[in-house]
Amino acid sequence: MLPLPVAYKIDPMTHFRSLRPLRWAALLVLFLALPAARAQKTTGFRGFQVVSWSPQRLESGSPVLFQIELNLPADSLHGTWLDHPLVFNRAHQGNSWYVLAGIDVEQAPGTYPLELTATASNGQELHATQQLNVLPGSYKTTTLHVEEKYVQPDAATLARIAADKAVKDAAFAHTIPQPLWNGSFRSPVPFAPTDSFGTRRMFNDKLASIHRGTDFHAPSGTPVVAANDGVVIIAQGMFYEGNLVVVDHGQQFSTLYMHLSKIEVKVGDRVHKGQRLGLSGATGRVTGPHLHLGVRWQGMYVDAVMLLKLTLPAR
């Protein structure tokens, strides 16, 4: 668990006596509802006042919000993180900038540079580099049993899988240069997420994949809503994913809603946070009804549960 911000620290001797009747599960829910801490560092680089990131603890599979405070006006701020480009967005006031990025679930632990370049209003370029530690994620292994066609597909099925991949590749290649998301992401269904992200999955006793999403035990027919504002870039049936909707939230940050029983949007639709996308179901490679929520940033897959805890700026 992340360390609590100072404002939320609790004196165990003073407060826990009064909480004795509460269940520990309720306490856990209370603690998990607290905003994630933000780490920040005052830089020694000219023009860069503060570099901050949230969550404070970065690990394989983390989404990450970078926020930069400059001490002079600038026209633009760009960067590089894990060899992926960053284009920062200007905040409403002052010389603050932000960008939403991520760390892939399979990223090796280590120390990685966040490289920054600001173009000052006078045309001068300013540079800074912040080294960040990425810790290993903790994931389990599970065994599932599905129809054999999902483990050893025949030639016709392989052709369909290839066609599905072509659709996804074309959709993800399209870039919306500005963020469309507005404030924090919300849960797409009114059910708690499972601890399923990053799980190494054995299908019919064969290691098949790493689970790059989070499952919600949503009964068939549960309305599924958009986690944030964006544009629908995929809305169709797929072999593995079943009925799939993908919402692009801008700057190659997207959410994926899988195994739907019904799709109620089409490609090109502009959707808003909380807008209905379809109904949950059990289509594709599943063992029962549920919603799979995936979060993708520039080809990396990050933990949806961590994203839902992040406090993000409103546009």
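Where a number appears in this text, it was derived from the coordinates with a stated rule and is not lab data. Quick caveat, the model's predicted, so the values are computed rather than measured. All Cβ positions, even for glycine, are placed from backbone atoms using ideal geometry, and neighbour counts span all protein chains on display.
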Kindly provide the trypsin sites (Lys or Arg not before Pro) of the stretch 210-276 that DSSP labels as loop, not H, G, I, E or B, and whose Cβ sees at most 10 other Cβ atoms within 10 Å.
Lys266
Rounded to whole Hz and in sequence order, give me ³J(HN,Hα) for the stretch 118-125 from the Karplus expression 6.51 cos²θ - 1.76 cosθ + 1.60, θ = phi - 60°, writing x for Gly and Pro.
10, 9, 5, 4, 8, x, 6, 8
Report the paramagnetic label zone for Gln124: residues of the stretch 58-90 whose backbone N is under 19 Å from a point 7 Å from Cα along the Cα-to-Cβ axis.
69-78
Evaluate 2.2 N^0.38 Å with N set to the residue count of the stretch 68-138, then give the Cα radius of gyration divided by it.
1.24
Return the long-range amide H neighbours of Leu114 (sequence gap of 5 or more, or a different chain), with a cut-off of under 5 Å between placed amide H atoms.
Gln130, Gln131, Leu132
Amide H of Phe48 versus every other amide H placed in the peptide plane: which residues, excluding those fewer than 5 positions away on the same chain, fall under 5 Å?
Asn71
Loop trypsin sites (Lys or Arg not before Pro), the stretch 168-201 (other Cβ atoms within 10 Å of the site Cβ: 14 or fewer; DSSP)
Arg186
